[in-house]
Amino acid sequence: MDTVVDPDALHQGMCKLRVEGKRIGFVPTMGFLHEGHLSLMRHARSQCDHLVVSIYVNPLQFGPGEDLDTYPRDHDGDARKCAAETVDTLFLPPQLYHPDHSTSVSVAELTRRLCGESRVGHFDGVTTVVARLFGLVQPNIAVFGEKDYQQLAVIQRMVRDLSMNIEVVGAP
């Protein structure tokens with residue numbers, strides 16, 4: 001398993017794989033991996049030649065007073081779990097956004113109800129980071145948990161609306 005921390009290096013490696021005709025699978029996470037994450041990796045692994053897992057605690061999806069600073073992290077344990085699941089590339093960027101980052105992605109209708117009502121801006125953070133990750137990884141398939149059904153629906157709508165050529169799959 002290769003561990004990559006530099007976004008540009010990841011992007012270059014993924015472009016090379018695409019040129020070689022490899023089917024890239026992707027599972028984006030915020031880490032502190034558990035069996036649910038591992039099952040998503042297994043699902044993606046069965047449908048791709050090269051599996052990428054990202055671990056990035058995204059500050060854009062945390063509101064004021066939410067648990068960004070106390071969000072659990074276990075990079076060593078997560079890396080061991082990814083290796084055991086035959087992940088090819090583990091992406092562990094210390095930062096994903098440029099200092100003058102000013103672009104956000106919003107999926108209006110699907111994010112106004114349910115979780116979006118009480119966590120204003122949360123889904124804009126989710127869609128912005130996922131769009132950034134999709135741009136870097138350029139996966140053929142990305143797997144998200146059905147447990148977070150609203151998030152899955154929002155990501156699927158973003159991919160459709162922005163004509164991203166990515167198959168977004170929900171898995172148990």
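The values are calculated or read from the model by the stated rules, or taken from the named source; none is laboratory data. Here the structure is a predicted model, which means the values were calculated and not measured. Please note: Cβ atoms are built from the backbone with ideal geometry, for glycine as well, and neighbour counts cover all protein chains shown. Accessible surface is based on the protein model in full, side chains and every heavy atom, while ligands, DNA and RNA are left aside. Shrake-Rupley method; radii C 1.70, N 1.55, O 1.52, S 1.80 Å.
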query: When the Karplus curve 6.51 cos²θ - 1.76 cosθ + 1.60 is applied with θ = phi - 60°, which whole-Hz ³J(HN,Hα) does each residue of region 164-172 get, with x for Gly and Pro?
result: 7, 8, 9, 8, 9, 10, x, 9, x
task: Scan [x] 10, 39, 35, 13, 3, 0; [y] 10, 34, 30, 20, 6, 0; [z] 10, 40, 40, 11, 0 for the value of P(r) over Cα pairs in 10 Å bins from 0, in percent calculated from this model and give just the label.
output: [z]
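For the chain, what does -39500 (n - 2.57) per DSSP helix run (n ≥ 4), summed and divided by total residues, give at 222 nm, in deg cm²/dmol to the nearest 500?
That comes out to -12000 deg cm²/dmol.
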query: Quick one: accessible area per residue over the chain, 1.4 Å probe, rounded to a whole number of Å²?
result: 52 Å²
- request: Within region 55-82, find all residues whose amide N lies under 13 Å from a label point positioned 7 Å from the Cα of Thr3 along Cα-to-beta-carbon.
  value: 55, 74-82
query: Percent relative contact order of the chain, based on C-alpha pairs within less than 8 angstrom and at least six residues apart?
result: 30 percent
Part-to-part distance (alpha-carbon centres) for region 121-172 and region 45-93, which is given in Å: 15 Å
statement: Length gained if Ala108 through Arg23 is fully extended, taking 0.36 nm per residue and subtracting the Cα-Cα distance, is 27.5 nm
- prompt: How many percent of the accessible area of the chain is carbon or sulfur, using a 1.4 Å probe?
  reply: 51 percent
Those lysines that a straight Cα-Cα span of less than 26 Å connects to Lys147, excepting residues fewer than 8 apart in one chain: Lys81
